[in-house]
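*Asks:* Starting off with a structure, shown below.
The values are calculated or read from the model by the stated rules, or taken from the named source; none is laboratory data. In this text, all values refer to a predicted model and were calculated from it rather than measured experimentally. Reconstructed Cβ throughout: ideal geometry from the backbone, glycine too, with neighbour counts over all protein chains shown.
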Amino acid sequence: MKKLLLSVFALFVSLNMSAQTKSAGGNSDGTGVSAGNAPVPQVNIAVTTPAKATLPFSESFESGNYDDWVNNGGTYSVTNAVSQDGSYSLTSSTQGSFVGLTRYFESGSQPTYASAYIRSGSTTASNAYFTMTGEARTGGESDVFFFYAKGNGPLTMIGDAANQNVSYNADQWYHIEVKNIDWTNKQFDYYVDGNLIQADMGFRGNTMNECYGIHVFNYTSGVTAYWDNIYVGVGESSGSTPATPDTLIATASSQSQIDLSWSGSSDKFRVLKKTGSSSSDETDGDVVYEGTNTSASATGLAANSTYFFTVFGMNTAGDAFSDSSKKAVASTDPEPDSTGTNGQAGFLAGEADSTNTFAGLGIEIKFTDPSDTDGYLDIRKIFSAPAAGSLPGSAEVAAGGSIVPAIMYELHFWKVTNNDLSSFVYEIIISLDGISGIGDPEQLCVFKRTNSGDAWTDAVASGVSIVYDSDRNALIISGLTSFSEFAIGSAGGDNPLPVELTSFSGTSTTAGVALNWKTASETDNAGFVLYRNGVKIASYQDATALKGQGTTSNATSYSFVDSDVELGESYTYKLTSVDNSGEIYEYSETVSVEIRETVESETKATEYALDQNYPNPFNPSTTIRFSLKEAGKVTFRVFDMLGREVYREVKQGQAGENPPIVFEGTKLNSGVYFYQINANGYSETKKMMLLK
């Protein structure tokens, strides 16, 4: 059998019928001498060995032949009857011994990867061999690796130690990969269909320093073997299919950045970014990252925007990708918004039971039946009364049964807009935290409508339910199939809900800035706090004009004059309301006024004064303002209910309003405390509550 290889290395074999020349080892009459000393006639026929292959090498037999291979034994053909990919594959059903078809490589070739698809027509005969030799084949131990479909059933890889066997079925393609071929340490990793079978498997011949050639052959006559998509190179390439990544996680870290992490076994990865939907293939989208790492960041993104990410496994050469991918979606943080809070959330097609929580918005959204398409939601929590729209005649409540709605919570509502999601069912969880005027949450209802200004409808329609979750202090509306505006309502009674501000204006006068506002109704309203350019200038606690009406269904008008202004300056004013429990409500409306008239001066008598702390109750800090008629030493003290002093501060005070004292209650327990100020013989004490 070794004699068969001699023809492979001859560039020309001279066989002379006229016996003019005596060949090496031949007779003087021109007849050659065979291995058995039988005379062999000689003919002048030039036989050219195909050029040796260079790396990377790929063979899919799509040319319809195997002309660049050397046949050292057996009958082989290229067939279009069975193929793994494309139209053709190599096949043989005759014995080709241990040599068969050979593809030789240039001297010094050191590939790090080799792969082939093989298929055997039998599990009882040894065939479908695929080997790599490290030198001219002179014996059974000159291989880097030696693979075949074994006669007793398994796929067998032979290295320097124990064989690695994997069971297989006849007439089925298997992808054999030899990765990370290490010519220094003489080892490789063995994979079948993307699964690692054995890492660091030693070369069968541990003296091999280069790839001399690869061989495919059929050992058993009458049994059909197939080969397709053979590849040898430095790293994976088009001859192999990289493994699909295992995971992909996307997490927003700022208004302009989303951090990504993934895992997988392919040599490299490509991560793509899109808006609106996920990437359909490895070219569909913007490349965020390409390389061997397993984490990256997408930067320069738009605030409050949803992005879809997809990761593919990729080979070293960058010309082959995994058949499948992993997907993730995330939304950047929103920018500060004075009129409301907004957010975005993306959802992938086919994903269910994943909840997007918007802590700043007070809602959660969970798809119970997934969308058929990728898409995202725009969510806004709007801090103003919704556009006018009549209330429904009845609405179901969490306790069961229905009510006749009389009022709507008008300090804020929610608007959710759908972008591209389709055929879904979801539930919305609306938090009641921070909403005062609720005595019985199970008697609340939820309104919805498609467009601003439309009549409101009961969110609980056919197939939809509402429950109250006491653990989360939230209403859960399930079975919804469309998005809209949402608002909370009640019949009144135990759930009066708070203040509705209908107007707010300001005018420059000779007395200062005249501010006017009006409420349509009030619930449990202690009063208002007024801010100029973001700084508190007046409070219901010290200005009678800012005290609220408690609870009333009647309209109430308010006015206040800010005289501490200067000609030519511009000021912006904002209101908040505070209920009797200390809960603060902000309004989106602001008023900007330019001072165009000189404010008439007036003598302001400065008196001693100690304001009520704000906020109250507090946790952990509260602010205390005070004024002095004359400058002098000020002693500020805090006492517990037993009269024990728990805090003391001494400072120099000035005539008029002084910088506020910020009291920290971090080290104190919850409870009622008394604070006191002493200055120039003046003393005053007030009560405050620390509530942790």
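*Asks:* Could you look through region 136-150, keep only residues that are of a type outside the set (S, T, N, Q) and surrounded by fewer than 17 Cβ atoms within 10 Å (Cβ to Cβ), and pick out the one that is modelled with the lowest pLDDT?
*Replies:* GLY139
*Asks:* Could you pull out the residue among SER557, SER521, SER553 that is over 26 Å from THR623 (Cα atoms), at pLDDT below 85 and surrounded by 15 or more Cβ atoms within 10 Å (Cβ to Cβ)?
*Replies:* SER521
*Asks:* Tell me whether region 458-469 contains one or more residues that are farther than 20 Å from SER390 by Cβ, assigned to a loop (DSSP other than H, G, I, E, B) and not hydroxyl-bearing (Ser, Thr, Tyr).
*Replies:* Yes, the conditions are met somewhere in region 458-469.
*Asks:* Could you count how many residues in region 453-473 are at pLDDT 90 or above and either buried (at least 21 other Cβ atoms within 10 Å of the Cβ) or farther than 23 Å from ASP433 by Cα (or both)?
*Replies:* Residues flagged as at pLDDT 90 or above and either buried (at least 21 other Cβ atoms within 10 Å of the Cβ) or farther than 23 Å from ASP433 by Cα (or both) within region 453-473 amount to 6.
*Asks:* Do you know which residues across region 75-95 are farther than 20 Å from SER60 by Cβ and modelled with pLDDT under 85?
*Replies:* Matches in region 75-95: GLN95 only.
*Asks:* If I filter region 565-572 for residues that are under 24 Å from ASP611 (Cα atoms), of a type outside the set (S, T, N, Q), at pLDDT below 85 and more than 48 Å from the chain's Cα centre (by Cα), do I get at least one hit?
*Replies:* There is no residue in region 565-572 that is under 24 Å from ASP611 (Cα atoms), of a type outside the set (S, T, N, Q), at pLDDT below 85 and more than 48 Å from the chain's Cα centre (by Cα).
*Asks:* Residue by residue through region 626-652, note down the ones that are surrounded by 11 or more Cβ atoms within 10 Å (Cβ to Cβ), part of a loop (DSSP other than H, G, I, E, B), without any contact (Cβ under 8 Å) to a residue 40 or more places away in the chain and basic (Lys, Arg).
*Replies:* The answer is none; no residue qualifies.
*Asks:* Let me ask something else about it. For region 526-561, give me each residue that is among the aromatic types (Phe, Trp, Tyr) and within 17 Å of THR590 (Cα to Cα).
*Replies:* Hits for region 526-561 are PHE528, TYR531, TYR558, PHE560.
*Asks:* Taking the stated definitions as given, is TYR174 in contact with a Phe, Trp or Tyr (Cβ under 8 Å, 6 or more places away or on another chain) and surrounded by fewer than 19 Cβ atoms within 10 Å (Cβ to Cβ)?
*Replies:* Considered against the rule, which asks whether it is in contact with a Phe, Trp or Tyr (Cβ under 8 Å, 6 or more places away or on another chain) and surrounded by fewer than 19 Cβ atoms within 10 Å (Cβ to Cβ), TYR174 comes out as yes.
*Asks:* Still on this structure: In contact (Cβ under 8 Å) with a residue 60 or more places away in the chain and hydrophobic (A, V, I, L, M, F, W, C), is that true of ALA225?
*Replies:* In short, yes.
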